[in-house]
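Q: Take this structure first; my questions come after.
The values are calculated or read from the model by the stated rules, or taken from the named source; none is laboratory data. These numbers come from a predicted model, not from an experiment. Note: ideal-geometry Cβ built from the backbone for every residue, glycine included; neighbour counts use all protein chains shown. We work out accessible area using only protein heavy atoms, side chains counted, and drop any ligands, DNA or RNA first. Shrake-Rupley method; radii C 1.70, N 1.55, O 1.52, S 1.80 Å.
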Amino acid sequence: MCGIVGYCGPKPAAPILIEGLKRLEYRGYDSAGICVGNHGELTIIKKKGKLHALDAAVPDGLQGYWGIGHTRWATHGEVNDLNAHPHSDQSGRIAIVHNGIIENYGALREKLQHEGYAFRTETDSEVIAHLLSSLYEGNLEQALKRTCAILKGTYGIVAMHQDEPDQLVGARNGSPLVLGIGENEMLLGSDVTALIAHTRQVVYIEDGEVVRVTPNNYRTTDLRDRRIDKKVDTISWELEEIEKGNYRCFMEKEIFEQPESIRRAFQGRIDHEHATAHLGGLNMSNRELLEIERIKLVAAGTSYHAGMVSSYLMENLARIPCNAELASELRYRNPIVERNSIYFAISQSGETADTLYALRELQRKGARVLGICNVVGSTIARESDGGVYIHSGPEIAVASTKAFTSQLTALYLYTLLIARMRDMSWEQGHRFIEALESIPALTQSILERHAEVEALARKYCQAQNFLFLGRGINYPVALEGALKLKEISYIHAEGYSAAEIKHGPIALINEQTPSLFIVPDDGLREKVISNMKEVKARKGPVIALAVDGDREVAAIADDVFSVPRAGQYIYPFAMMIPLQLFAYYCALELGRDVDQPRNLAKSVTVE
Ligand code: AGP
């Protein structure tokens, strides 16, 4: 979604803004712009399309030491130069960038037009510039506070005024804003990746807060002008973690990082002596953990699939009713919060609006909501009642890969903890830990055979439609495989329970529609083999993800990729790797923009 960067300090602002926007590219965008202030004059340059178009339009040596930049992911108004941010008021003295959606912009626009303000764009955001102008009495910070009191909706705003040089003001309500404290310079960003090349010292701005920055100072207040003292956090990410290194794209890098990211997710959290897990961040006593009678996993997209996989594990091992639910659905169906139930909000970014609003609705009803997040300091991580960081390191590609396997790891640890308080014996716990600790080596051995998956992708990537089929704990893995393929290759793919195809989707089977079956050697293997035969009988091409040495599957399928034999609960990890690789190589073969697929955004901060 949209990205924001702001700078004031001793260096020319334009290159810093463009570099910051480049680091935000991963969020997904369709146009970009900057505004730079120099000697009491603001210069705005904005362009439809990718950043190189903007970069080319910025005159060499553009002077100015303070400015704002934005990457836009269109919500209101088509994608064109005019609708790109920054927007200015009609005098051209104020410029703003905005993330989020202003819900009352229609009424405000009408009122301002009535008062003589001329609008130039179709966006909701432009209303902020005119409102600021109408409420300005010589102090931009105060004008922003008055503006925020009128706005309805979500926003992260950064604004500048030509008469108040070397100063930026920002405000937040539901859309992230972070302050970066540098040496004689200050930055503002919609996430830390925009700032990390300049500083590790950050302050997270909260909803209802306003920040004013000058090169050597910042102050945070609420809308009633009361001072708020903020904690300064230190970012632990290294710059290389947000760079591609020798990989062709971030998605490739992130797929191949999984042995390490999975290890990081369980490192230091396993108690071998008692065959259980340590998860300090949950903020729950053993007594409270024991009293849990129901678990709900709330999330969107890939994170929802990780929740689905884990619900199978939780019910099987801990014998606690557990189900995953789409955050977007849960929020609006007046959820029943039962006593002794616990909720998890699972989110890589920690900023997904659907998940965040579901969390707030659940908390409002008195639920305890824990977070499973990757981004440290993200809104969900801060607002949840405790939780577990997955420590994947920054995930930049829009298609989530390493976060999925790390979310699973965190949820597997939680399951171990809960299961060991109930029926799971020390010995079973010990075996489960051994299986968990085998995952990095297992996934590494599968990744080393990436060329086999690449050959499969080359053979099948011209297909128009795909079915991804699995059963039991591997059914959500099939859903995730289909999601990966469609989002980056744009090939239509449906994920289904293999058992369900006879209830409808089998009508789609023909010689041009491949079905990809997940066939581990678990209790459902025979059933899945029968489903494969049903597809073969209708001349559908079959690709199988099976287990080494499974000759029966090899005899039925047209193509097989086999993974090493593993514990039944470990197959979701083993099977996910070839599915991610398959999607990646198909997209590459078809010449797609793998890291920034069309219409998608990394962190979906609007509903
Ligand atoms: C996955 O590849 C996605 N692009 C998307 O489904 C994502 O998982 C979803 O938007 C949730 O994001 P989150 O984990 O950051 O909350």
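Q: What order, most packed first, do the peptides 516-529, 426-439 have when packing is the mean number of other Cβ atoms within 10 Å of each residue?
A: Values: 516-529: 20.6, 426-439: 16.9.
My ranking of the peptides, most packed first, is 516-529, 426-439.
Q: Using a ≥ b ≥ c from the Cα gyration tensor of segment 204-322 (square roots of the eigenvalues), is it rounded, prolate or oblate, where a/c under 1.5 gives rounded and otherwise the larger of a/b and b/c decides, a/b for prolate?
A: Numbers: a/c = 2.17, a/b = 1.37, b/c = 1.58.
It is oblate, given that a/c is not under 1.5 and a/b is not larger than b/c.
Q: Which whole-number percent is the relative contact order of segment 445-592 (Cα, under 8 Å, 6+ apart)?
A: On the way: 276 pairs, mean separation 46.1, N = 148.
Once normalised by length, the contact order is 31 percent.
Q: Keeping all protein chains in the complex and leaving out DNA, RNA and ligands, what accessible area do you get for Trp73 with a 1.4 Å probe, in Å² to the nearest 10?
A: Counting only protein heavy atoms, the figure is 60 Å².
Q: Hey, got the Cα dimensions of segment 445-592 along the principal axes, in Å, largest first?
A: 39, 37, 25
Q: Scattering from the C-alpha atoms of segment 119-171 alone, worked out with Debye: what is log10 I(q)/I(0) at q = 0.15, 0.18, 0.30 1/Å?
A: Log-scaled intensity ratios, in q order: -0.39, -0.56, -1.35.
Q: Here's a follow-up. Give the average over all directions of the projected area of the C-alpha convex hull of segment 1-128, one decimal, in nm².
A: Values: hull surface 29.6 nm².
Computing the convex hull of the Cα atoms and averaging its projections yields 7.4 nm².
Q: To continue, here is another question. Among all cysteines in the chain, which have no other cysteine Cβ under 4.7 Å from their own Cβ?
A: Singleton cysteines: Cys2, Cys8, Cys35, Cys148, Cys249, Cys322, Cys373.
Q: Any chance you could run the full-extension gain for Glu103 through Glu427? It's 0.36 nm times the residue separation minus the Cα-Cα distance, nm to one decimal.
A: Numbers: separation 324, 0.36 × 324 = 116.64 nm, distance 5.64 nm.
Answer, rounded to one decimal: 111.0 nm.
Q: Same structure, new question: Plugging the Kirkwood radius over Cα pairs into Stokes-Einstein for segment 524-568, at a temperature of 25 °C and a viscosity of 0.890 mPa s, what D comes out in µm²/s?
A: Details: Rh = 10.8 Å.
My calculation gives 227 µm²/s for D.
Q: As an exercise, find the ratio Rg/Rh for segment 243-437 from alpha-carbon atoms, using the Kirkwood inverse-distance average for Rh.
A: Working: Rg = 16.2 Å, Rh = 16.8 Å.
With Rh from the inverse mean 1/r over Cα pairs, Rg/Rh is 0.96.
Q: If you roll a 1.4 Å probe over segment 445-592 with all protein chains in place, what percent of the accessible area is carbon or sulfur?
A: Working: 2600 of 5510 Å².
Result for segment 445-592: 47 percent of the exposed heavy-atom area is carbon or sulfur.
Q: Then there's this: If I model a spin label as a point 7 Å beyond the Cα along the Cα-Cβ vector, how far apart are those points for Asp60 and Asn246 in nm?
A: The answer from the label model is 3.5 nm.
Q: Could you give the length gained by full extension between Glu137 and Gln512, i.e. 0.36 nm per residue of separation minus their alpha carbon distance, to one decimal place?
A: Values: separation 375, 0.36 × 375 = 135.00 nm, distance 6.73 nm.
Stretched fully, the Glu137-Gln512 segment lengthens by 128.3 nm.
Q: On to the next question. At 1.4 Å probe size, with the rest of the protein present, what percent of the exposed accessible area of segment 243-437 is carbon and sulfur atoms? Don't skip to the end; give the middle numbers.
A: Details: 3300 of 7320 Å².
Carbon and sulfur together cover 45 percent of it.
Q: Per residue, how much accessible area does segment 300-384 have with a 1.4 Å probe, in Å²? Please list the in-between numbers first.
A: Values: 3030 Å² over 85 residues.
Here the per-residue accessible area is 36 Å².
Q: Please work out the average accessible area per residue across segment 409-482, using the 1.4 Å probe convention, and give it in Å². Working shown, then result.
A: Working: 2710 Å² over 74 residues.
Accessible area per residue: 37 Å².
Q: Then there's this: Just to be sure I understand the model, the point goes 7 Å from the Cα along the line to the Cβ. What's the resulting Lys11 to Asn334 distance in nm?
A: 5.5
Q: Could you give me the percent of Cα pairs per 5 Å distance bin for segment 3-235, shortest bin first, beginning at zero and ending with the bin that holds the maximum distance?
A: 1, 8, 16, 21, 22, 17, 10, 3, 1, 0
Q: Give, to the nearest whole percent, the P(r) tail of segment 173-266 beyond 21 angstrom, counting all Cα pairs.
A: Working: 1964 of 4371 pairs.
Looking at segment 173-266, the distances longer than 21 Å represent 45 percent of pairs.
Q: Sorted by mean Cβ packing within 10 Å, highest first, what order do the peptides 264-272, 153-161 take?
A: Details: 264-272: 16.6, 153-161: 25.7.
Highest to lowest by the protection proxy: 153-161, 264-272.
Q: Could you give me D for the chain, from Stokes-Einstein at 37 °C and 0.692 mPa s, where the hydrodynamic radius is the Kirkwood radius over C-alpha pairs? Units µm² s⁻¹, please.
A: Details: Rh = 25.4 Å.
Answer from the Stokes-Einstein relation: 129 µm²/s.
Q: Can you give me the distance in nm between label points at Gln267 and Asn217, each placed 7 Å from the Cα along the Cα-to-Cβ direction?
A: Rounded to a tenth, the inter-label distance reads 4.3 nm.
Q: In addition: Please find the FRET efficiency linking Lys231 to Ala463, where r is the Cβ-Cβ separation and R0 is fixed at 60 Å, and quote it to the nearest 0.05.
A: Values: r = 52 Å, r/R0 = 0.87.
Once rounded, the FRET efficiency stands at 0.70.
Q: Where only protein heavy atoms count, and the probe is 1.4 Å, what is the accessible area per residue for segment 3-235 in Å²? Kindly include the intermediate steps, with their values, before the conclusion.
A: Values: 8640 Å² over 233 residues.
It amounts to 37 Å² per residue over segment 3-235.
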